[in-house]
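Structure first, then comments.
The values are calculated or read from the model by the stated rules, or taken from the named source; none is laboratory data. In this text, all values refer to a predicted model and were calculated from it rather than measured experimentally. Heads up, the Cβs are rebuilt from the backbone with ideal geometry, glycines too, and the neighbour counts pull from every protein chain shown. We work out accessible area using only protein heavy atoms, side chains counted, and drop any ligands, DNA or RNA first. Shrake-Rupley method; radii C 1.70, N 1.55, O 1.52, S 1.80 Å.
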Amino acid sequence: KKKVGIEACQLTPENLAKMVALIEDGTISGKIAKQILPDLVERGGDPKETVEAKGLVQISDAGEIEGIIQEIMDGNPSQVEQYRSGKTKVFGFFVGQVMKISKGRANPKMVNDVLKKKLS
């Protein structure tokens, strides 16, 4: 990581506000924002364009997330059974697998909601 003094910072207040708006409207997660922030500080530019250019738009399509979760459940029947028999700590395993497959782009709240529904 490069250290950039405030005078060399290329991120304008307007673009910082745009990045916050992208988080609030669900286009990106806080994790994705942290990924693009160093680039915006160093080079500037529009956060939405940066996100799209890097292919980091958050996955908020319930059908797509459900498909990923079903694939994980089908491939890990013993963990599904463990969860259903009361070992709720296995829930973190499923969240981790979804994030791994989606490369961290899946909407975390949606992942939790869909997982709870499918595992119950």
Name the one entry in Lys100, Lys31 that is touching a residue at least 24 places away in the same chain (Cβ under 8 Å), part of a helix (DSSP H, G or I), open to solvent by 70 Å² or more (accessible area, probe 1.4 Å) and not aromatic (Phe, Trp, Tyr). Lys31
Just give me the residues in the stretch 54-87 being in contact with a Phe, Trp or Tyr (Cβ under 7 Å, 6 or more places away or on another chain), open to solvent by 40 Å² or more (accessible area, probe 1.4 Å) and within 15 Å of Lys100 (Cβ to Cβ), in sequence order. Gln79
Check whether at least one residue in the stretch 14-23 is open to solvent by less than 40 Å² (accessible area, probe 1.4 Å) and within 15 Å of Arg105 (Cβ to Cβ), and report yes or no. yes
